[in-house]
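Structure first, then comments.
The values are calculated or read from the model by the stated rules, or taken from the named source; none is laboratory data. Here the structure is a predicted model, which means the values were calculated and not measured. Backbone-built Cβ (ideal geometry, glycine too); neighbour counts: all protein chains shown. Quick note on the areas: whole protein, heavy atoms, side chains included, nothing else; ligands and nucleic acids left out. Shrake-Rupley method; radii C 1.70, N 1.55, O 1.52, S 1.80 Å.
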Amino acid sequence: MRNWLLPEYIEDILPAEALAIEAKRRRIMDWLLVHGYQLVGPPLLEYVESLLSGSGGDTNLRMFKVVDQLSGRMMGLRADMTPQAARIDAHLLNRNGVTRLCYAGSVLHTVPSGLTRTREPLQIGAELYGHAGLESDLEIQRLMLQSLAIAGIEKIHLDLGHVAVFRGLVKGAGIPGGLETELFGALQAKDVSALGDLCVGLDKRVDKNARQALMLLPELYGDRKVLARARKFLPDYPEIQTALDELEAVAAELEPLVDTMAFDLADLRGYQYHSGMVFAAYAKGCPNAVALGGRYDEIGKAFGRARPATGFSMDLRELSGLVKPDPYPKGILAPYKRNDKALEKEIEQLRNEGQIVVMELPGHESDQDAPDCDRQLVMRQGIWRIEKI
């Protein structure tokens, strides 16, 4: 086997794309910073228990694990930065008021989450802690949509859901925990047949309306008519009515920012840790969601302090693949002249202006192949001038 081959779904990023990704990262990060989101840099490697706290069982399957040679404990390479941000908020910053954090860095997955996805996403995101109201959900979702626009993603489709609809049904109908897990699995897999079998087997004491509502959930996907249908056919439980009110209010605010919008009341992604509204953004040419997020008020509990929280994240590498990168910018070729102060001053000024200046090295002055430069510095009448090559 050739030593230079990379593992499956792991790849190098070449100059033009790498520069495009970095430009997107800078612009998005600058946008988050001016909204008050403070940058944090969690470690790539932590003890497994910390990385799994409050994140759900699927994270355990996605995480690479190694043994720490110093302590003998199991360590994990992060598969998601959200739990790390929650740990920083709950355990290190320990603030009482609202905290806004942002981050950008590589995460690693044991298997790709889609056929076209890498196992080394470059995750960028923002998290808001300490506020339980709808205003923080709106702030995070606006930032997500604006960040996608900054990254060059057009015609965004937004899916909105709310895990409180399913939880309200489970609570109102008095469904036991074991059966709740089975119902969740059937809904998550969109397995209507299995869902029907489970509903038929529900205890007779369970409200008939709740049974019908559970069977209806997979059909509650579409435009605003979905909310009206849900109000008509779902039980009048307080949790469900509040969830529908919140979805309606957020949709009215965000509609101008997206091309299309839909509601999915059976979306239970991240059900183990999400506690409220969930959302996913899609773009033309990509079968996967290009950005995900939601409310997860209990995740900080594992770190000693449960705090209201909502946030979003996206993969910059995937976003870059949806937008054709500009060609790598060409530079200016400068001759090598040792101790030429005038030349050094000219080069410094050009670089301060943001120009790329590439210095020739001794022995390569006659090289004809200079693909990275389309101009050169030449001396004309005692003045350094820029001319086309």
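Candidates are the residues of segment 80-132 that are out of contact with any helix residue (DSSP H, G or I) (no Cβ under 7 Å at 6 or more places or on another chain) and of a type in the set (D, E, K, R); the one that is farthest from Gln272 (Cα to Cα) is Arg95.
For segment 19-34, residues that are free of Cβ contacts under 8 Å to residues at least 40 places away in the same chain and open to solvent by 40 Å² or more (accessible area, probe 1.4 Å) total 4. Selection within segment 273-308: residues that are of a type in the set (Ser, Thr, Tyr) and more than 22 Å from Lys155 (Cα to Cα). The member of this set that is surrounded by the most Cβ atoms within 10 Å (Cβ to Cβ) is Tyr296.
Checking each residue in segment 71-122 for being charged (D, E, K, R) and either surrounded by 14 or more Cβ atoms within 10 Å (Cβ to Cβ) or at pLDDT 95 or above (or both) picks out Arg73, Arg78, Asp80, Arg87, Asp89, Arg100, Arg117, Arg119, Glu120. Exactly one residue out of Leu292, Leu227 is under 20 Å from Leu51 (Cβ atoms) and free of Cβ contacts under 8 Å to residues at least 40 places away in the same chain, and it is Leu292.
Can you say whether Leu377 is within 40 Å of the chain's Cα centre (by Cα) and open to solvent by less than 100 Å² (accessible area, probe 1.4 Å), as far as the supplied structure shows? No.
From the list Ile150, Ile124, Ile156, which residue is under 26 Å from Glu253 (Cα atoms) and within 14 Å of the chain's Cα centre (by Cα)?
Exactly one residue qualifies, and that residue is Ile124.
Yes/no matrix, rows are residues, columns are (1) under 20 Å from Lys324 (Cα atoms); (2) outside any helix (DSSP H, G or I); (3) in contact with a Phe, Trp or Tyr (Cβ under 9 Å, 6 or more places away or on another chain):
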residue	(1), (2), (3)
Ala23	yes, no, no
Gly41	no, yes, yes
Glu46	no, yes, no
Glu49	no, no, no
Asn60	no, no, no
Leu70	no, yes, no
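Within segment 24-70, being among the small types (Gly, Ala, Ser), modelled with pLDDT of 95 or more and within 17 Å of the chain's Cα centre (by Cα) holds for one residue alone: Gly41. When the criteria are applied in full, Pro15 fails the requirement of being under 30 Å from Gly72 (Cβ atoms), open to solvent by 40 Å² or more (accessible area, probe 1.4 Å) and of a type outside the set (Phe, Trp, Tyr). Only one of the numbered conditions (1) among the hydroxyl-bearing types (Ser, Thr, Tyr); (2) in contact with a strand residue (DSSP E or B) (Cβ under 7 Å, 6 or more places away or on another chain); (3) under 15 Å from Gly161 (Cα atoms) is violated by Thr242, and that is (2).
Only one residue in Ala230, Ala249, Ala210, Ala243 is surrounded by fewer than 16 Cβ atoms within 10 Å (Cβ to Cβ) and either in a helix (DSSP H, G or I) or not small (Gly, Ala, Ser) (or both). Which one?
Ala249
Of all the listed residues (Gly161, Gly125, Gly168), the sole one being touching an Asp or Glu at 6+ places or on another chain (Cβ under 8 Å), under 22 Å from Met314 (Cα atoms) and open to solvent by less than 10 Å² (accessible area, probe 1.4 Å) is Gly161.
Among the residues of segment 182-195, is there at least one that is among the basic types (Lys, Arg), surrounded by fewer than 17 Cβ atoms within 10 Å (Cβ to Cβ) and within 15 Å of Asp267 (Cα to Cα)?
yes
Scanning segment 144-154 for any residue that is open to solvent by 20 Å² or more (accessible area, probe 1.4 Å), of a type in the set (Gly, Ala, Ser) and under 21 Å from Gly36 (Cβ atoms) turns up at least one such residue.
Exactly one residue out of Arg317, Arg305, Arg295, Arg351 is farther than 30 Å from Val192 by Cβ and within 19 Å of the chain's Cα centre (by Cα), and it is Arg317. Pairs linking a residue in segment 110-137 that is closer than 25 Å to Lys24 by Cβ and acidic (Asp, Glu) to a residue that is open to solvent by less than 40 Å² (accessible area, probe 1.4 Å) and assigned to a helix (DSSP H, G or I), with Cβ atoms under 7 Å and 6 or more positions apart or on different chains, are Glu127/Thr82; Glu127/Ala85; Asp137/Val250.
Enumerate the pairs (first residue in segment 75-99 and of a type in the set (D, E, K, R); second residue anywhere and assigned to a helix (DSSP H, G or I)) with beta-carbon separation below 6 Å, excluding pairs fewer than 6 apart on the same chain, so at least 6 apart or on different chains. Short answer, once both residue conditions are applied: Arg78/Leu51; Arg87/Phe303.
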